[in-house]
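The values are calculated or read from the model by the stated rules, or taken from the named source; none is laboratory data. It should be emphasised that the depicted structure is a prediction, and the values quoted were computed from it without experimental measurement. Cβ placement follows ideal geometry from the backbone for every residue including glycine, while neighbour counts extend to all protein chains displayed. These area figures cover heavy atoms from the full protein model, side chains too; ligands, DNA and RNA do not enter into them. Shrake-Rupley method; radii C 1.70, N 1.55, O 1.52, S 1.80 Å.
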Amino acid sequence: MVDPSGSSPRAEAVVDLAAVRHNVGVLRRAAPGAAVMAVLKADGYGHGAVPVATAALEAGASWLGVCTLEEARALRAGGITAPLLSWLHLPDEDFTEVVATGVDLSVSSPRHLAAVLDGARRAERPARLHLKVDTGLSRGGAQPADWGDLLDGAAKAQADGSAQVVAVWSHLANGDSPQHPSLDLQAARFTAAWRAARERGLTPIRHLANSAATLTRPDLHFDLVRAGIAVYGLDPLDRQPADSPLRPVMTLRARVALVKRVPAGEGVAYGHEWTTPCDTTLALVPLGYADGVPRRMNRAGRMRVLLGGALRPVVGRVSMDQVVVDCGDGAAVREGDTAVFFGPGDGGEPTAQDWADELGTIHYEVVTGVHDRRVARTYTGVAG
Ligand SMILES: *Cc1c(COP(=O)(O)O)cnc(C)c1O
C-alpha cells in the first residue's frame, strides 16, 4: 500500500466499528434473554472507549462497564448517557460527581457503601448500587460470611431513599473453561446471595457472565452479560478468527520510513543478534516496544509482518521505536508502504491470537498494550 501523499500516520491502530457492531450482534444472539453490557475498561481494551461505546450501543448493547471512576467520567464527558457501571474504587474517592451523572457503582464492603452514600448525599440523588459478592474469584466482592451485613446496610439505604439496589453481581474465575467445576460452585453461591437479597425485600437484577460464559454457558446469563474481549472480536476460547463467529476489530500497522541495500555480513539492530546472510534489502518500520510491540515478540526470531504482499521477517531485536524487516531483493517494498503487524488475518497478516501464542500471554494483553500516546487511532466502519 503506497501513500505518496504521506498523509497517513507513522503508526496507527485501525479500529473497525462495523466489526464492533457485528460482535455485539453475535453476543445478543448468544444471550437472547439477557441485556448486553459492553465492557470498556482500559480505554476500550486499547481501542478507544467512546467510539466503541457508541458502536456497541448502536448494535443493541444497553449497558456499559468500566473499572475506574476516571473511565466513567471520560465516557460521560464524551457524551455517553447510557447505563454505566464502574466497579473498582478506593473507599476515600469522591463519588459525588459520578452519582450526579447517573453512574452505577459496585460496592463490596460497608466502608465502600458509606463512601458511596456520602457521595449520594452531596449529589442529592440516590446512589445506584450493584452489590458484589465474592463467589470464588477472591478479588472484589463481599465474602459470603460478610454478605448479610452488606445487604442490611444497602437495604437500610434503600429504605431511607439514599440508594437503589440495582443488581447483585459477581465475576467468574474460569469463564474461559466452560466445563470447569468452579463455574457451578460460583453459580450456586451467586444464587444463594441473590436469594438473601430477595429475602430482605430487595429486587435486584443479576449479572455474572463474561464473554466466554456468554458464548458457552446460557445457564449463567441471568439478566445481563458483561462482555469485553468478544466486543473487540477476539475469541475468548482462543480460536483463530477463521474459526470464530467474532471479527477482530483492531489492525496495527505502520509505514516504512527507510529502505536500503545492506551488504552481506552486517549485524542488524542492538546486540547484532542477526547478521545479513547475503546482500539484502532492509526496511525500517517505526513501531517498537514503546508502541505495543514487546521486545520478546522477536526473541525467537519468528516475528513476521505483512509488507509488500508477503509475510516478511523482522530481523534483530525490537527497539523502543522501530523494527527492521528483511525484504530480500526488495523489489516489492518502497518507503511509505504500510506494514501490517496484526489484524483479522484476512490478508494473511498475523493475528492478535498469533502474537499471544508467541508471547505466552493472552490477546487481551496484546491489544491493551497499544497506547494512543504513540499510535494514532483511526476509525473505519462508522455508522452512516
Ligand atoms: C474485564 C471484565 C469483564 C469482561 O471480561 P471479558 O473476558 O473481556 O469478557 C467482565 N466483568 C468484569 C468484572 C471485568 O473486570
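Residue by residue, here is whether (1) β-branched (Val, Ile, Thr); (2) under 30 Å from residue 121 (Cα atoms); (3) within 13 Å of the ligand (Cβ to nearest atom) holds:
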{"position": "170", "(1), (2), (3)": "no, yes, yes"}
{"position": "180", "(1), (2), (3)": "no, no, no"}
{"position": "193", "(1), (2), (3)": "no, yes, no"}
{"position": "197", "(1), (2), (3)": "no, yes, no"}
{"position": "201", "(1), (2), (3)": "no, yes, no"}
{"position": "205", "(1), (2), (3)": "yes, yes, no"}
{"position": "210", "(1), (2), (3)": "no, no, yes"}
{"position": "215", "(1), (2), (3)": "no, no, yes"}
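Tell me which of these residue 76 doesn't satisfy, since it passes every other one: (1) under 22 Å from the mean Cα position of the chain (by Cα); (2) open to solvent by less than 40 Å² (accessible area, probe 1.4 Å).
(2)
Within segment 2-10, does at least one residue satisfy the condition of being modelled with pLDDT under 95, under 30 Å from residue 306 (Cα atoms), of a type in the set (Val, Ile, Thr) and away from the ligand (no atom under 16 Å from the Cβ)?
Yes, some residue in segment 2-10 is modelled with pLDDT under 95, under 30 Å from residue 306 (Cα atoms), of a type in the set (Val, Ile, Thr) and away from the ligand (no atom under 16 Å from the Cβ).
Select from segment 216-248 the residues that are under 11 Å from the mean Cα position of the chain (by Cα) and surrounded by 24 or more Cβ atoms within 10 Å (Cβ to Cβ) and write down the one among them that is farthest from residue 340 (Cα to Cα). Even if it seems obvious, please write down each step before you answer.
Taking segment 216-248 first, the residues under 11 Å from the mean Cα position of the chain (by Cα) are 227-234.
Keeping just the survivors that are surrounded by 24 or more Cβ atoms within 10 Å (Cβ to Cβ) gives 227, 230-234.
Details: 227: 27, 230: 22, 231: 22, 232: 18, 233: 18, 234: 17 Å.
Here the residue is 227.
Residues that are of a type in the set (A, V, I, L, M) and out of contact with any Asp or Glu (no Cβ under 7 Å at 6 or more places or on another chain): list the strands (runs of 3 or more DSSP E) wholly contained in segment 266-330 that include at least 3 such residues. If you could, list the steps in order and put the result at the bottom.
Values: elements: 280-285, 304-307, 310-315, 323-326.
Those strands (runs of 3 or more DSSP E) span 280-285, 310-315, 323-326.
Only residues that are part of a helix (DSSP H, G or I), open to solvent by 20 Å² or more (accessible area, probe 1.4 Å) and of a type in the set (Gly, Ala, Ser): list them for segment 115-138, please. Give the derivation first.
We begin by selecting, within segment 115-138, every residue part of a helix (DSSP H, G or I); these are 115-123.
If we keep only those that are open to solvent by 20 Å² or more (accessible area, probe 1.4 Å) as well, we get 117-118, 121-123.
Residue satisfying the conditions is 123 alone.
Looking at segment 249-265, can you tell me whether even one residue there is open to solvent by less than 10 Å² (accessible area, probe 1.4 Å) and within 16 Å of the ligand (Cβ to nearest atom)?
Yes, because at least one residue in segment 249-265 is open to solvent by less than 10 Å² (accessible area, probe 1.4 Å) and within 16 Å of the ligand (Cβ to nearest atom).
Quick one: which of 141, 153, 161 is surrounded by 15 or more Cβ atoms within 10 Å (Cβ to Cβ) and at positive phi? Give the derivation first.
Details: 153 fails: at positive phi; 161 fails: surrounded by 15 or more Cβ atoms within 10 Å (Cβ to Cβ).
The match here is 141.
Among the numbered criteria (1) open to solvent by less than 50 Å² (accessible area, probe 1.4 Å); (2) in a loop (DSSP other than H, G, I, E, B), which one does residue 112 miss?
The one condition residue 112 does not meet is (2).
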